[in-house]
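One structure is given below, encoded as structure tokens.
The values are calculated or read from the model by the stated rules, or taken from the named source; none is laboratory data. What you see is a predicted model, and the numbers here were worked out from it, not measured in a lab. Cβ placement follows ideal geometry from the backbone for every residue including glycine, while neighbour counts extend to all protein chains displayed. What goes into the accessible areas is simple: the full protein's heavy atoms, side chains included, and nothing from ligands, DNA or RNA. Shrake-Rupley method; radii C 1.70, N 1.55, O 1.52, S 1.80 Å.
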Amino acid sequence: MGPPVFAFVIALTYLISGAAALWIRSPRLSRIIGFGGGAVASGMGLVAALVRLLQGEPLRIALPAPVPWVASELYVDGLSLFFLAVIFLVGFLSSVYAIGYMRKYDDEGRHREKTAPLLFNLLLLCMAAVVSAGDMLSFLLGWEGMSLTSYFLVVFEHERAESRRAGLIYLIATHIGTGGILLAFLLLVQSTGSFSFHAFAHVPLPDVGTQALAFGFALLGFGTKAGMFPFHIWLPHAHPAAPSPVSALMSGVMIKMGIYGIVRFLFYLLPAPPLAFGAVLAGLGLLSGIFGVLYAIAQHDLKRLLAFHSVENIGIILIGIGSASACEAAGFPGPSRLLLAGGLFHVLNHALFKCLLFMGAGAVLQATHTRNIERMGGLMRGMPLTGIAFLAGSLAISAVPPFNGFASEFAMYRGLWEGAAGGGTLAAILITAMAGLALIGGLAFICFVKVVGTVFLGTPRSAASSGARDPGHAMILPMAGAAFLCAALGVVPFLYRFRDSGNVTVFAALFVTIGILASVRAVSLRRNGKRVYETWGCGFSYATPRMQYTASSFADPILHVFRGVLRPRTKKEERLSGRFLLDLEYETHIGDLFENGLYLPLYRLFLRFAFFARRLHTGYIHLYLGYILGTIVLLLILFR
Amino acid sequence: MELALQIPAYLVLAPFLVGIIRKAKAFLSCRQGPPLRQTYIDLFKLFRRGIVRSRTASWVFDLSAPVILGTSVVLAGATPLFSRAVPLPMHFILYIYLMSLPRFFQTLAGLDTGSAFGGLGSSREATVAAMAEPALLLSLCGVGFLGKSQLLDGMLGGIPPGRIFLRPELILIAGTLFLVLLAENSRIPVDDPATHLELTMIHEAMVLDHSGIDLGMIQLAAALRLTVFSALITGLLFPGSLSLPPVLALPAAALKIALSGLVVGVVESGMARMRLSRIASFLMTATVLAVIALAVRFAR
């Protein structure tokens with residue numbers, strides 16, 4: 001069975017199982033068949049992509065043309081296969097998870113839950129189409145399909161105004177992005193006279209100005225989808241609004257389609273881009289990373305916090321890719337390869353741990369019925385399995401060795417260091433990137449200590465939190481699988497197969513030492529005793545859960561340090577009677593600087609223009625015909 | 001032979017360093033201070049005790065002390081003390097990031113007991129660590145450029161011999177590392193290890209609910225980390241001390257550690273603690289020093 005047939009079988013499995021879910025009467029069966037079919041198709045795809053990745057050369061398959069005079073084709077090379085593997089891996093995990101999670105919509109009796117599997121499978125299929133497209137039209141078809149299906153999944157809970165608003169913002173953002181991509185491609189089409197990527201890659205753009213323009217449009221388009229700063233504003237709205245398996249899929253892989261586009265553009269379609277392109281990309285990555293994690297620290301909504309961390313991790317990936325391109329341009333192919341490998345490895349790693357964290361957040365959400373972490377606490381007791389998986393994901397995302405988040409950042413640091421050793425402008429860029437990565441890592445650490453500490457440790461802050469229990473197998477197993485992979489990808493030696501680093505030896509020594517010390521402690525405690533008693537309360541003994549440190553207080557010192565860039569708005573109202581304080585109200589709020597400072601004013605300006613333009617619409621059909629006539633005349637004059 | 005001795009030597013020198021600092025501070029404030037052996041006695045006593053454990057704590061709390069001490073021991077295995085070779089060669093990035101593993105567990109253990117003090121300490125510790133990260137990374141990165149290696153032992157051993165005072169980048173990096181040492185090891189002016197009020201503590205607040213062998217492990221780990229930093233800085237300033245004959249190597253190592261203990265003691269006696277909100281500027285200074293060091297390195 002050749003690859004085209006296999007691809008066809010996978011696509012058909014997605015479509016048939018999704019469509020079948022619509023017609024099956026029982027919600028339970030519909031869920032199992034729909035998402036189960038998706039999981040099977042993703043599993044098959046994963047195996048196929050991995051096998052092909054190990055052996056194959058690029059694959060070009062001609063497709064029946066969607067438009068008569070345009071050849072359409074699939075082009076699957078190593079880069080596509082890598083992204084296909086990531087899509088199918090996360091697709092598999094989140095499909096299985098969805099079987100358990102989507103049960104909560106069964107009892108509504110509104111039948112909308114039956115559309116979810118179809119949309120979910122279509123989203124997966126469209127993403128697979130995006131990374132295997134070999135020409136502009138099939139790419140854009142896949143891209144739009146991906147945007148639309150994910151839009152419908154974002155507004156899945158459309159009875160909530162919050163979801164509808166998030167959906168609208170997402171729809172606008174994603175279409176502005178598509179516009180950027182279209183413009184970038186059209187510039188390439190103009191200079192090559194062909195729609196095929198193959199032709200783009202072999203005919204260079206005429207001058208640096210056009211290259212910069214094309215790159216700028218591509219950055220706008222792909223950057224918006226990736227959630228790159230400053231085009232990230234849709235992301236923290238859309239990801240929390242969607243059901244958790246969808247958030248996992250969107251944060252885990254959908255935003256990576258933007259990364260795929262940027263890599264494809266920078267390393268394949270634009271021959272030999274100048275150093276400045278890579279530097280700009282790395283700079284934007286740095287800003288995404290720092291702002292993403294700072295806003296994440298300020299959040300109390302668990303899923304919104306994770307969404308901001310996606311902005312941060314996209315930033316880390318872009319630092320890797322941008323520096324790789326800069327190194328390439330400066331003539332350092334060795335560091336460039338390390339950086340690109342690190343960036344792409346981080347794509348896989350982020351897909352894994354972000355998917356894991358969103359699945360964990362979904363389990364917590366289902367058990368506590370809130371997304372506010374200030375109302376959680378002590379969940380490790382009732383949800384030990386979710387807790388361990390979430391802790392593994394948190395260690396991974398904070399780049400704590402020996403988990404996978406560290407492994408990819410390690411590769412990037414090596415590339416940065418080796419590139420910087422050469423000196424010059426490049427060294428300045430790479431050293432800045434290194435310092436930035438270190439700061440981002442430290443800040444992510446704060447955020448995840450805060451999350452794990454307030455959600456899973458301490459004492460419950462609400463009744464729902466004290467009664468929380470681990471979810472069923474369908475939700476636990478994918479989490480366990482993802483957590484296992486996060487740990488495994490951190491210690492497997494393939495990435496450390498470099499001349500002078502013995503990371504694996506260090507990890508082995510670490511495990512052995514900790515193991516010995518833990519056993520010493522256990523033996524000693526058996527002999528000397530262990531007494532369980534109250535937490536130290538300064539001598540007082542009426543400690544309540546409300547006296548615990550809250551997430552806000554935990555985040556306060558670092559937010560205070562960065563108050564200059566975050567600009568928190570605070571409100572303080574005091575009610576005094578004479579000199580005595582009766583009542584104090586204090587409120588602090590950190591809004592997205594770009595959302596409030598740039599996009600809202602732009603939006604208002606646009607609305608003003610729209611109200612003005614509305615006057616053209618009078619309702620007289622004669623006038624409309626006149627408009628058409630005028631336009632045709634104008635076009636004839638201009639483009640005769 | 002020397003390699004096998006390195007970790008035991010660190011374990012012996014760590015309480016010694018803490019003792020020296022206490023002695024120095026006592027001397028400067030005209031007190032006699034506890035004898036040097038007191039820190040050993042205290043640790044020994046703690047290791048023989050059982051623990052009192054908070055009712056709220058989970059397995060994370062139980063695992064924290066072994067993870068904290070274990071990581072410190074591994075870090076000690078990678079830092080050259082009296083010879084260029086080390087038992088556990090380590091990449092400098094892994095070295096820096098490995099420090100975050102014990103910190104993760106320590107800050108979580110602080111939150112695990114459900115005590116406000118633990119949370120307060122954890123929050124401050126995490127903040128200080130995040131701000132110190134770029135300075136630490138850039139300075140070790142600079143040492144790497146000087147020694148032309150990415151391995152910690154390689155970079156310290158690879159620094160070409162010569163007069164230290166003619167090399168401003170080395171002095172600047174050592175200065176940065178000293179500021180980072182003060183911040184990461186909870187010393188004055190960032191934190192006060194001897195404070196008695198929970199509200200002003202950073203490190204001590206985090207470990208308030210640890211007792212017995214757990215506390216012993218954490219205190220030993222903290223002393224080890226301080227010793228490791230001291231060995232790093234003195235190794236940088238006196239590169240010759242890493243290639244001495246075996247007979248002289250151990251006394252020289254003890255001398256280096258004692259010297260850094262004296263310096264820390266003098267700094268602690270001469271300064272007051274900073275306000276919490278000023279720590280950011282303190283560590284920003286450290287980062288800027290590291291950047292200047294790198295600029296000097298590349299300007300040559």
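Points worth noting:
- Extension gain for the segment A:Arg526 to A:Phe6, taken as residue separation times 0.36 nm less the Cα-Cα distance, is 181.3 nm to one decimal.
- Peptide packing for A:287-299, A:393-405, A:413-425, A:183-195 was compared via the average number of neighbouring C-beta atoms within 10 Å per residue; ordered from the highest value, the list is A:393-405, A:287-299, A:413-425, A:183-195.
- Cα convex hull, region B:1-155: 160 Å³ per residue, rounded to a whole number.
- Across peptide A:147-157, the average count of Cβ atoms from other chains found within 10 Å of a residue's Cβ is 0.
- Annotation for region A:103-129 versus region B:94-162: alpha-carbon center distance of 45 Å.
- Shape analysis of the protein assembly as shown based on the Cα gyration tensor places the equivalent ellipsoid semi-axes at 50, 33, 27 Å, largest first.
- For the set A:Asp207, B:Asp153, solvent exposure ranked by accessible area (probe 1.4 Å, protein chains only) runs largest to smallest as A:Asp207, B:Asp153.
- Rg and Dmax of region A:131-228, based on Cα coordinates, read 15.7, 52 Å.
- Normalised alpha carbon radius of gyration of region A:559-630 [divisor 2.2 N^0.38 Å]: 2.21
- Most positive-pole-ward Cα, B:Ala221, B:Gly175, B:Val190, against dipole of region B:172-300 from beta carbon charges: B:Gly175
- Averaged over A:336-347, number of beta-carbon atoms from partner chains that fall within 10 Å: 0
- Positive-end extreme of charge dipole, region B:2-299 - chosen from B:Ala205, B:Ala254, B:Val291 (charges on Cβ): B:Ala254
- Rg to Rh quotient for region A:386-430, alpha carbon positions, Kirkwood Rh: 1.25
- Counting Cβ atoms of other protein chains within 10 Å of each residue's Cβ and taking the mean over peptide A:514-525 gives 6.
- Spherically averaged projected area of the convex hull of Cα atoms, region A:286-440: 8.6 nm².
- Annotation: peptides A:626-637, A:341-352, ranked by per-residue average of other Cβ atoms within 10 Å with the highest first, follow the order A:341-352, A:626-637.
- Translational diffusion of region B:71-214, estimated by Stokes-Einstein from the Kirkwood radius over alpha carbon pairs at 10 °C in a medium of 1.306 mPa s, is 95 µm² per second.
- Cα-only radius of gyration and Dmax that characterise region A:101-181, units Å: 14.4, 45
- Debye equation applied to the C-alpha atoms of region B:24-110, log10 I(q)/I(0) at 0.13 Å⁻¹: -0.71
- Surface calculation, 1.4 Å probe, protein heavy atoms: A:Asp470 sits at approximately 40 Å² accessible.
- Dividing the summed -39500 (n - 2.57) terms of all DSSP H runs of n ≥ 4 by the residue count of chain A sets its mean residue ellipticity at 222 nm at -23500 deg cm²/dmol.
- With every protein chain in place, region A:235-285: carbon and sulfur % of accessible area (1.4 Å): 79 percent
- Calculated over region A:300-387, the projected area of the Cα convex hull averaged across directions stands at 6.3 nm².
- Within straight-line cross-link reach of A:Lys450, lysines at Cα separation under 30 Å, skipping those fewer than 8 residues along the same chain: A:Lys104, A:Lys225, A:Lys256, A:Lys303, A:Lys354, A:Lys530, A:Lys571, A:Lys572
- Distance between the C-alpha centres of region A:437-475 and region A:253-279: 35 Å, rounded to the whole angstrom.
- Two-decimal log10 I(q)/I(0) for region B:90-173, as the Debye equation yields it once each C-alpha is a single scatterer, q = 0.12 Å⁻¹: -0.49
- Cα pair distances of region A:593-638 binned at 5 Å [whole percent]: 5, 18, 13, 14, 14, 13, 10, 8, 5, 1
- The mean accessible area for residues of region A:421-495, using a 1.4 Å probe and ignoring ligands and nucleic acids, is 30 Å² per residue.
- For A:Leu59, the residues whose amide H sits under 5 Å from its own are A:Val76, A:Asp77, ignoring neighbours fewer than 5 places away on the same chain, with H placed 1.01 Å from N.
- Axial C-alpha extent at least 20 Å, average Kyte-Doolittle at least 1.6 - helices from chain A (DSSP): A:3-23, A:78-101, A:115-132, A:275-297, A:424-456, A:473-491, A:621-638
- Span-rule helices in chain B, defined as complete DSSP H runs reaching 20 Å or more along the axis (Cα) with Kyte mean at least -0.5: B:2-28, B:59-78, B:116-147, B:168-184, B:212-237, B:246-270, B:279-299
- Protection proxy ranking, peptides A:376-382, A:596-602, A:485-491, average beta carbon neighbours within 10 Å, highest first: A:376-382, A:485-491, A:596-602
- Taking the inverse of the mean 1/r over every pair of distinct Cα atoms in region B:115-156 gives a Kirkwood hydrodynamic radius of 12.0 Å.
- Quarter the surface of the alpha carbon convex hull of region A:453-597 and you get the mean projected area, 18.5 square nanometres.
- For chain A: relative contact order, % (alpha-carbon pairs under 8 angstrom, 6 or more apart): 11 percent
- Value of Rg to Rh for region A:1-89 (Rh from inverse mean 1/r over Cα pairs, i.e. Kirkwood): 1.07
- Averaging 1/r across all pairs of distinct Cα atoms in region A:230-370 and inverting the result yields a Kirkwood radius of 15.5 Å.
- For B:Arg53, nonlocal amide neighbours, meaning residues 5 or more places apart or on other chains whose placed amide H falls under 5 Å from its own, are A:Arg531, A:Val532, A:Tyr533.
- Annotation: A:Thr505 carries an accessible surface of approximately 90 Å², with a 1.4 Å probe and no ligand, DNA or RNA atoms counted.
- All C-alpha pair distances within region A:236-291, sorted into 10 Å bins from zero, spread as 20, 38, 30, 12, 1 percent across the bins.
- Each 10 Å bin from 0 upward holds the following percent of the Cα-Cα pairs of region B:185-300: 11, 30, 34, 20, 4, 0.
- Normalised size of region A:413-525, defined as Cα radius of gyration per 2.2 N^0.38 Å with N residues, equals 1.55.
- For the protein assembly as shown, DSSP calls about 80 percent of its internal beta bridges antiparallel.
- Measure of compaction for region B:2-299 (Cα Rg per 2.2 N^0.38 Å): 0.97
- Interface B:A - total buried accessible surface [probe 1.4 Å, Å², rounded to 100]: 6400 Å²
- Stokes-Einstein diffusion coefficient of region A:5-155, Kirkwood radius over Cα pairs, 37 °C, 0.692 mPa s, in µm²/s: 207 µm²/s
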